[in-house]
Structures are given as structure tokens and as C-alpha cells.
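Asks: Could you have a look at this structure, given as C-alpha cells, before my questions?
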């Protein structure tokens, strides 16, 4: 399963690679990383819609995660990939807006990786 993680924090990549090392080694998950919404859209173009799951931070400079979500769910992809939004803030405004734009799930930081693994495995079955 191809998973695109979008977050402006550079330390996210080694964290995901470490937490999912077993699944990556087995070839279950293939992670790609983007540091911005714009970068994510460019990567998605090169994937030719291969991404099955997108995990996106909401608060990023430039294009926010909500703007990225809108681009993915409303403007570009048919059928759209599953998109889970991630935020450091437990904010009902962001949650409501994300759900209105078609987010499939909403996670708060720090990410509970055990719960995330279960959610991802359910998508693959």
C-alpha cells in the first residue's frame, strides 16, 4: 500500500520509517513524504494516483492541510484516496472543516502509532 505522509516537520520521516520498519521490510507499506501541500500535489501527479492513503498535517506554511484535502477530495481525484488529517490541536473547528471537506479520519499528535497501524491494516483488508 502506498502511503503519502504530508508534514512540514522534517523529523516525521525517520519517525514513520522507524515505527513501520517491519511493515516496510515485508513490503506491506511503501511510504513517500512531502514537506508541503504543494509538494504533495506534485508527488501525487508523479504517482499517477497510486497513493491509497494520505496522512496530512493541517497546519503547514503555504498550502494548509485543509486546502490540500479540498484539492484531493473535491478538485482532482476520482475516486479520491483515503485521507486522514493530523493536527497537534484538538480543535473542533478544524475537525468540522476537515469532515465537511471529506476527510476520512482525524488524528491528533502525538500520533498513536498502534492505533494508526490498525486503521491502515483495516484499509488493506
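The values are calculated or read from the model by the stated rules, or taken from the named source; none is laboratory data. In this text the structure is predicted, and so the values were computed from the model without any measurement. Please note: Cβ atoms are built from the backbone with ideal geometry, for glycine as well, and neighbour counts cover all protein chains shown.
Asks: Suppose we keep only residues that are in contact (Cβ under 8 Å) with a residue 60 or more places away in the chain and part of a helix (DSSP H, G or I) within the stretch 5-63. Which one would you say is nearest to residue 89 (Cα to Cα)?
Replies: In this case the residue turns out to be 19.
Asks: A further question follows. Among the residues of the stretch 11-47, how many are within 16 Å of the chain's Cα centre (by Cα) and farther than 20 Å from residue 81 by Cα? Spell out the reasoning first.
Replies: First, the residues of the stretch 11-47 that are within 16 Å of the chain's Cα centre (by Cα): 11-17, 19-20, 29-45, 47.
Cutting the leftovers down to farther than 20 Å from residue 81 by Cα gives us 11-15, 17, 19-20.
Within the stretch 11-47, residues that are within 16 Å of the chain's Cα centre (by Cα) and farther than 20 Å from residue 81 by Cα number 8.
Asks: What is the residue count in the stretch 95-113 for residues that are part of a helix (DSSP H, G or I) and surrounded by 13 or more Cβ atoms within 10 Å (Cβ to Cβ)?
Replies: Step one: of the stretch 95-113, the residues part of a helix (DSSP H, G or I) are 95-100, 113.
From what is left, the residues that are surrounded by 13 or more Cβ atoms within 10 Å (Cβ to Cβ) are 95, 97-99, 113.
Total meeting the criteria: 5.
Asks: While we're here: Across the stretch 5-27, what is the number of residues that are surrounded by 15 or more Cβ atoms within 10 Å (Cβ to Cβ) and either over 21 Å from residue 64 (Cβ atoms) or modelled with pLDDT under 95 (or both)? Before you say what the answer is, go through the steps one by one.
Replies: Step one: filter the stretch 5-27 for residues surrounded by 15 or more Cβ atoms within 10 Å (Cβ to Cβ), giving 5-8, 12-13, 15-16, 19-20, 23-24.
Next, from what is left, pick out any that are either over 21 Å from residue 64 (Cβ atoms) or modelled with pLDDT under 95 (or both): 12, 15, 19-20, 23-24.
Counting residues in the stretch 5-27 that are surrounded by 15 or more Cβ atoms within 10 Å (Cβ to Cβ) and either over 21 Å from residue 64 (Cβ atoms) or modelled with pLDDT under 95 (or both) gives 6.
Asks: Do we find that residue 79 is over 13 Å from the mean Cα position of the chain (by Cα), in a loop (DSSP other than H, G, I, E, B) and within 21 Å of residue 11 (Cβ to Cβ) in this structure?
Replies: Numbers: over 13 Å from the mean Cα position of the chain (by Cα): yes; in a loop (DSSP other than H, G, I, E, B): yes; within 21 Å of residue 11 (Cβ to Cβ): no.
Against the criterion (over 13 Å from the mean Cα position of the chain (by Cα), in a loop (DSSP other than H, G, I, E, B) and within 21 Å of residue 11 (Cβ to Cβ)), residue 79 does not qualify.
Asks: Need the failing condition index for residue 58 against (1) within 12 Å of the chain's Cα centre (by Cα); (2) surrounded by fewer than 21 Cβ atoms within 10 Å (Cβ to Cβ), just the number.
Replies: (2)
Asks: Right, here's the next one. Test residue 66 against the criterion of being in contact (Cβ under 8 Å) with a residue 12 or more places away in the chain, over 23 Å from residue 21 (Cα atoms) and either under 14 Å from the mean Cα position of the chain (by Cα) or not in a loop (DSSP other than H, G, I, E, B) (or both), and give yes or no. Spell out how you get there, then give the answer.
Replies: Values: in contact (Cβ under 8 Å) with a residue 12 or more places away in the chain: yes; over 23 Å from residue 21 (Cα atoms): yes; either under 14 Å from the mean Cα position of the chain (by Cα) or not in a loop (DSSP other than H, G, I, E, B) (or both): yes.
Yes, satisfied.
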